[in-house]
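The values are calculated or read from the model by the stated rules, or taken from the named source; none is laboratory data. Keep in mind it's a predicted model, so treat the numbers as computed, not measured. Every residue, glycine as well, gets a Cβ built from its backbone with ideal geometry; the counts of neighbours run over all protein chains shown.
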Amino acid sequence: MEMKVHYLNCGTMQPRLARFLAPDLASIPCLCLLVETAEQLVLVDTGFGTGDMEDLRRTGHVNLVLKTVQDQERTAVRQIERMGFRREDVGHIVCTHLDRDHAGGLPDFPGARVHVLKAEQEAALNPADFAAKERYRRHHFAHGPRWVLHDTVSQDAWFGMDCIRELPGLPPEILLVPLPGHTRGHCGVALETEDGWLLHCGDAYYMKIELGEDEKVPRSVRLFSRSAYTDRAGALLQHERLKKLLRESGDEISLVASHDPSDYERLSGEKLA
Ligand SMILES: [Zn+2]
């Protein structure tokens, strides 16, 4: 089936002092994919929503450091409307995970079915401590999303990786690739496009350089990445799995991550401010 993929940045973060301390992270996108299938629109992650942009305090204390740029026009719903679609055209949302900067737009699409790993939905709806309440924002789920929960790995692996195929209501070219570590139920979303396979890795890595074999990862990127792990060993294991995937199938699969400025600029052709 033919699928057209649009690359949207649904929220730019400009961490405090990053311009001086970590220039690589001075402007960070929230990369979401808008997929046009034959029947409907599918959104992969939502970035920040209109409610967040109205009052950024709703995105948690961490925003004092991470500093989202307040801009309603950046939200997925506004970008989709500018493209000539309606919010109702988005039939499904597939979430890599439910952190504040990935699930903030869910309330803007109350009719969409929301695919996520079961472990992630449980963690998000029952935040165990302050850190979990910071990352999972209650008001992102208060409208009662139409959850479609996944936890059964398919028999057929995807390029040697466990995956979940045949998501109800979605074409077989879209599947989930569990990558737990950043959060409990974090997963990648694989899409077979006309240009080959694309794996949206969410926050499994922040910058491609982390997946390099011998390049030195800037300290700032390492610190930023570590500060957000739920399970450090798990997150590092995913790095190794993704490196292997790149080594063995890198010419067939293109990897993108939510917050990698260079991924976003290359794919969208847009320069980050
Ligand atoms: Zn994130």
(request) May I ask you to list the residues in segment 14-48 that are of a type in the set (A, V, I, L, M), touching a helix residue (DSSP H, G or I) at 6+ places or on another chain (Cβ under 9 Å), within 16 Å of the ligand (Cβ to nearest atom) and modelled with pLDDT of 95 or more? (result) L31, L43
(message) Suppose we filter L98, L66, L17 for residues that are more than 13 Å from the chain's Cα centre (by Cα) and within 24 Å of F130 (Cα to Cα); which single one remains?
(response) L66
(request) Just one of (1) under 25 Å from K4 (Cα atoms); (2) touching a helix residue (DSSP H, G or I) at 6+ places or on another chain (Cβ under 8 Å); (3) within 16 Å of the ligand (Cβ to nearest atom); (4) not charged (D, E, K, R) trips up V189, so point out which. (result) (2)
(message) I need a count of the residues in segment 76-107 that are away from the ligand (no atom under 16 Å from the Cβ) and either at negative phi or touching a Gly at 6+ places or on another chain (Cβ under 7 Å) (or both).
(response) 16
(request) Answer yes or no as to whether G51 is small (G, A, S) and at pLDDT 95 or above. (result) yes
(message) Out of everything in segment 200-219 that is away from the ligand (no atom under 16 Å from the Cβ) and not charged (D, E, K, R), what residue ends up being farthest from E252 (Cα to Cα)?
(response) P218
(message) Given the condition under 23 Å from L21 (Cβ atoms) and polar (S, T, N, Q), answer yes or no: does some residue in segment 230-249 qualify?
(response) no
(request) Please specify each residue of segment 5-21 satisfying the condition of being hydrophobic (A, V, I, L, M, F, W, C), assigned to a loop (DSSP other than H, G, I, E, B) and buried (at least 17 other Cβ atoms within 10 Å of the Cβ). (result) C10
(request) Taking A142 as the residue in question, decide whether it is small (G, A, S), part of a loop (DSSP other than H, G, I, E, B) and modelled with pLDDT under 95. (result) no
(request) Could you tell me which numbered condition P127 fails, if it satisfies all but one of (1) farther than 25 Å from Y205 by Cβ; (2) surrounded by fewer than 20 Cβ atoms within 10 Å (Cβ to Cβ)? (result) (1)
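The rows are residues; the columns are (1) within 23 Å of L25 (Cβ to Cβ); (2) away from the ligand (no atom under 15 Å from the Cβ); (3) surrounded by 12 or more Cβ atoms within 10 Å (Cβ to Cβ).
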residue	(1), (2), (3)
F224	yes, no, yes
T230	yes, no, yes
H239	yes, yes, yes
D251	no, yes, no
S258	yes, no, yes
L267	yes, yes, yes
L272	yes, yes, yes
